[in-house]
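Chemist: Below are the structure tokens for one structure; questions will follow.
Laboratory data are not the source of any read-out in this text; all were calculated from the coordinates shown. No experiment lies behind these values; they were computed from the predicted model shown. Reconstructed Cβ throughout: ideal geometry from the backbone, glycine too, with neighbour counts over all protein chains shown.
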Amino acid sequence: MVRMSAEERRESVIRAAMTEFARGGYHGTSTEAIARRVGVSQPYLFRLFPGKKAMFLAAAERCVEDTIRTFAEASEGLHGEEALHAMANAYTRVIAERPERLMMQMQMYVAVAAAEQEGDHEFGESVRAGWMRLWDTVHLPLGADVNETTTFLAYGMLVNCLVGMGFPPEHRVWEGLYPSARAKGRLEH
């Protein structure tokens, strides 16, 4: 059996944390569940990360960076409408193939709101910084137009919510979305 390096093990913890936090949220996920998914002990987990919060923030960072990479790769060399549709279609594929990414995003926003209510601003600072990197990634391909960027991201958040709530593809809520966004409603739930 080949032994994993500490960095490889850390990567497996981040992937497991993303899956577990996507399912249970920050407060509903135990570090024991993450350790079990990875196949390590909790003490080993805490050698890699100082605590649950650090694991959550690493998973959130990975989720945001994966989404940024999806948009950047899809829009490479494209501008305007072509970039918009390419990014929307790429994101459609991601949330269909990796639904934990969508759920992790939703859990990130809930965790920020809950933490801010408790006076903890670290979650919010981290997630907002990621959101701004995401904004910048889609802003240039959309012609550096603030309205286009806002509209694209607003549609994306609406799609996230509709998919997260399980609206079927034929439901009337999808009718008002532009074609690339409507295609997201056709995802198999």
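Chemist: I want to verify a result. In a Gaussian network model of the chain, Cα cutoff 10 Å, which of these has the top mean-square fluctuation: T19, T29, T67?
Modeler: Top of the fluctuation ranking is T29.
Chemist: By what distance, in whole Å, do the Cα atoms of the range 1-72 stretch along each of the three principal axes, largest value first?
Modeler: 36, 31, 19
Chemist: Also, I was wondering about something else. Add +1 for every Lys or Arg and -1 for every Asp or Glu among the other residues with Cβ under 12 Å from the Cβ of V138, and state the total.
Modeler: -2
Chemist: For every helix of n ≥ 4 consecutive DSSP H residues, a contribution of -39,500 (n - 2.57) applies; sum these over the chain, divide by its total residues, and give [θ] at 222 nm rounded to the nearest 500 deg cm²/dmol.
Modeler: One gets -24000 deg cm²/dmol as the mean residue ellipticity at 222 nm.
Chemist: Given springs between every Cα pair under 10 Å in a Gaussian network model of the chain, which of E100, E175, E118 has the largest fluctuation?
Modeler: Result for the chain, Cα springs under 10 Å: E118 fluctuates most.
Chemist: Mind telling me which of M55, M18, M165 comes out most flexible in a GNM of the chain, alpha-carbon contacts under 10 Å?
Modeler: M165
Chemist: Report the Cα-based extents of the range 64-189 along its three principal axes, largest first, to the nearest Å.
Modeler: Principal axes ranked by extent give 41, 33, 25 Å for the Cα atoms.
Chemist: Next question, about the same structure. Let me spell out the model: positive unit charges on the Cβ of Lys and Arg, negative unit charges on the Cβ of Asp and Glu, origin at the Cα centre of the chain. What dipole size does that give, in debye rounded to 20?
Modeler: The dipole magnitude comes to about 760 debye.
Chemist: On the first, second and third principal axes, largest extent first, how far apart are the outermost C-alpha atoms of the range 1-122 in Å?
Modeler: Between the extreme Cα coordinates on each principal axis of the range 1-122 lie 50, 45, 21 Å.
Chemist: Compute the relative contact order of the chain as a whole-number percentage, counting only Cα pairs closer than 8 Å that sit 6 or more residues apart in sequence.
Modeler: Computed value for the chain: 22 percent relative contact order.
Chemist: So, in nm, how far is label E118 from label S41 when the simple model puts each one 7 Å beyond its Cα toward the Cβ?
Modeler: If labels sit at E118 and S41, their model points lie 2.7 nm apart.
Chemist: Once you order the gyration tensor axes a ≥ b ≥ c over the Cα atoms, which shape class does the range 81-134 get: rounded for a/c under 1.5, otherwise prolate or oblate by comparing a/b with b/c?
Modeler: oblate
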